[in-house]
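Novice: Here you go, one structure.
Laboratory data are not the source of any read-out in this text; all were calculated from the coordinates shown. A quick note: this is a predicted structure, and the numbers were derived from the prediction, not measured. Backbone-built Cβ (ideal geometry, glycine too); neighbour counts: all protein chains shown.
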Amino acid sequence: MQNALPLTATEHSLPVFDYLVDRDFASDVLAGLSQQQKQLQPKYFYDQQGSRYFDQICALKEYYPYQTELALLPKVAQDLAQRFTGDSLIVEFGAGSLVKVKPLLQALPGIRQFVPIDISGEHLALACQQLQRDFPAVAVSPVVGDFCTTLTLPVMPLQHCIGFFPGSTIGNFTPAQARQFLCNARQTLGPDGWLLIGVDTKKSPVYLHQAYNDAAGITARFNRNILTRINRELDAAFRPETFEHYAFYNAGQSRVEMHLVSTEEQVVDVFGTAVAFSVGESIHTENSYKYSPDEFMQLAATAGWHTEQHWLADKKLFATYLLRSS
Ligand code: AVJ
């Protein structure tokens with residue numbers, strides 16, 4: 001918050017609140033690579049190229065969470081339209097390409113403002129321009145930043161404040177971090193706050209395995225791109241081709257883990273620090289936790305959220321929950 005540069009004018013006309021700080025990236029990378037189990041935070045996947053790879057993942061038939069959630073949303077939007085008849089605003093956490101908010105904006109005529117938060121600034125700015133053209137009656141106010149931190153949002157005083165957190169992005173957090181996020185979101189969204197959140201369910205590990213190990217190798221490219229990004233932005237010397245994409249379901253922890261496994265014994269220069277890898281040693285790049293509906297509703301309750309309604313996709317492949325601050 002203290003690093004905010006409010007209302008930075010971009011070459012585009014939409015004003016953007018930009019809270020991103022580059023030095024966090026450098027120190028997070030060094031700290032992560034210094035651990036016993038090396039790790040990188042998944043939020044750093046999303047440079048411009050990474051956001052494009054993620055869009056390609058969403059187009060894969062194996063990556064069921066995207067299509068499944070999207071197919072649920074028109075029904076969800078209809079139900080929300082019954083509830084939210086007054087003037088409202090939507091705050092989206094990790095907004096990406098802004099595809100999923102469209103069914104909501106279409107079905108809810110009371111939405112006056114839309115505040116998408118995303119870490120990938122250029123990607124967000126482009127998506128917002130298009131959305132603003134499609135929905136001229138909604139004030140689109142993009143915020144570039146990490147939604148895990150407390151951000152001061154440029155919100156208008158409206159009747160209902162509806163948070164939107166689709167895609168099971170909450171699965172990137174550990175359950176303890178997820179609880180913390182839910183507590184923070186409750187603060188951010190205020191006493192009459194609501195949160196519409198998409199969460200992936202538990203299912204066959206075979207099915208999960210396919211979703212994170214697609215035949216075309218897009219997920220592998222997405223995973224390796226984090227090394228390319230570190231090379232470019234932080235002056236490191238990773239050879240991404242010497243790291244293999246490795247993703248599996250860890251049943252004990254209820255999560256898919258993604259790793260990058262070194263195929264060689266090697267020492268990599270990461271802006272002046274020598275980072276050694278043995279053969280088969282991995283960098284843990286992502287967790288994607290899965291929750292049964294009961295587990296998730298319980299977790300939400302411990303963060304002060306009551307589940308007002310929830311929608312389950314066919315074969316319980318995905319769930320969307322409408323939470324109300326209690
Ligand atoms: C955007 C975090 C929900 O965990 O499924 C997709 C990211 N990683 N394929 C997920 C991802 C590999 C995705 N989330």
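Novice: Would you kindly calculate the translational diffusion coefficient of region 50-132, applying Stokes-Einstein with the Kirkwood radius from alpha carbon pairs, for 4 °C and a viscosity of 1.567 mPa s, and quote it in µm² s⁻¹ without decimals?
Specialist: Values: Rh = 13.8 Å.
Result for D is 94 µm²/s.
Novice: For the ranges 298-311, 109-122, 225-238, what's the packing order if you count other beta-carbon atoms within 10 Å of each residue, average per peptide, and put the highest first?
Specialist: The most tightly packed comes first, giving 109-122, 225-238, 298-311.
Novice: Treating only the Cβ of Lys, Arg, Asp and Glu as charged (+1, +1, -1, -1), what charge dipole size does the chain show about its Cα centre? Round to the nearest 20 debye.
Specialist: Details: 25 positive and 33 negative charges, 179 e Å.
That gives a dipole near 860 debye.
Novice: To continue, here is another question. Over all alpha-carbon pairs in region 36-85, figure out the percentage whose distance exceeds 13 Å.
Specialist: It works out to 71 percent of all Cα pairs.
Novice: Return the sequence-ordered ³J(HN,Hα) values of region 34-49 in whole Hz as given by the Karplus equation 6.51 cos²θ - 1.76 cosθ + 1.60 applied to θ = phi - 60°, using x for Gly and Pro.
Specialist: Using θ = phi - 60°, the values come out as 8, 7, 3, 8, 4, 8, 10, 7, x, 4, 7, 4, 8, 7, 4, 5 Hz.
Novice: Using all alpha carbons of region 111-231, what is the percent of pairwise distances in each 10 Å bin, ordered from the shortest bin to the longest?
Specialist: 10, 32, 34, 20, 3
Novice: If you take the charge dipole of region 263-326 about its Cα centre, with +1 on Lys and Arg Cβ and -1 on Asp and Glu Cβ, which of Y289, Y321, Q266 is farthest toward its positive end?
Specialist: Of the candidates, Y321 comes out farthest on the positive side.
Novice: Counting only DSSP beta bridges with both residues in the chain, tell me the antiparallel percent, nearest 5.
Specialist: 60
Novice: Restricting to DSSP H runs of at least four residues, report the calculated mean residue ellipticity at 222 nm for the chain, -39500 (n - 2.57) per run over all residues, nearest 500 deg cm²/dmol.
Specialist: Taken over the chain, the calculation gives -11000 deg cm²/dmol.
Novice: Excluding S262 itself, calculate the net charge of residues whose Cβ lies under 15 Å from the Cβ of S262, where each Lys or Arg counts +1 and each Asp or Glu counts -1.
Specialist: Summing Lys/Arg as +1 and Asp/Glu as -1 gives -3.
Novice: Restricted to Cα positions, what overall size does the chain have along the principal axes? Three whole-Å values, descending.
Specialist: 61, 46, 34
Novice: Net charge near N225: determine it from the other residues with C-beta under 11 Å of the C-beta of N225, scoring Lys and Arg +1 and Asp and Glu -1.
Specialist: Here the charged neighbours net out to +4.
Novice: Now for a separate question. Could you check which residue among Q67, Q37, Q129 shows the biggest mean-square fluctuation in a GNM of the chain with a 10 Å Cα cutoff?
Specialist: Maximum among the listed residues: Q37.
Novice: Within 13 Å, Cβ to Cβ, of E92, how many net charges do the neighbouring residues add up to if Lys/Arg are +1 and Asp/Glu are -1?
Specialist: Its environment carries a net charge of +1.
Novice: Among D294, D200, D55, which one shows the biggest mean-square fluctuation in a GNM of the chain, springs joining Cα atoms closer than 10 Å?
Specialist: For the chain, modelled as a Gaussian network with Cα springs under 10 Å, the answer is D294.
Novice: Separate question: So, in nm, how far is label A26 from label L312 when the simple model puts each one 7 Å beyond its Cα toward the Cβ?
Specialist: 5.0
Novice: Percent of Cα-Cα pairs more than 25 Å apart in region 213-326, please.
Specialist: Counting every Cα pair in region 213-326, those more than 25 Å apart make up 44 percent.
Novice: Moving on. Which one of Q253, V155, T85 has its Cα pushed farthest toward the positive end of the charge dipole of the chain, where Lys and Arg give +1 and Asp and Glu give -1 at the Cβ?
Specialist: It is T85.
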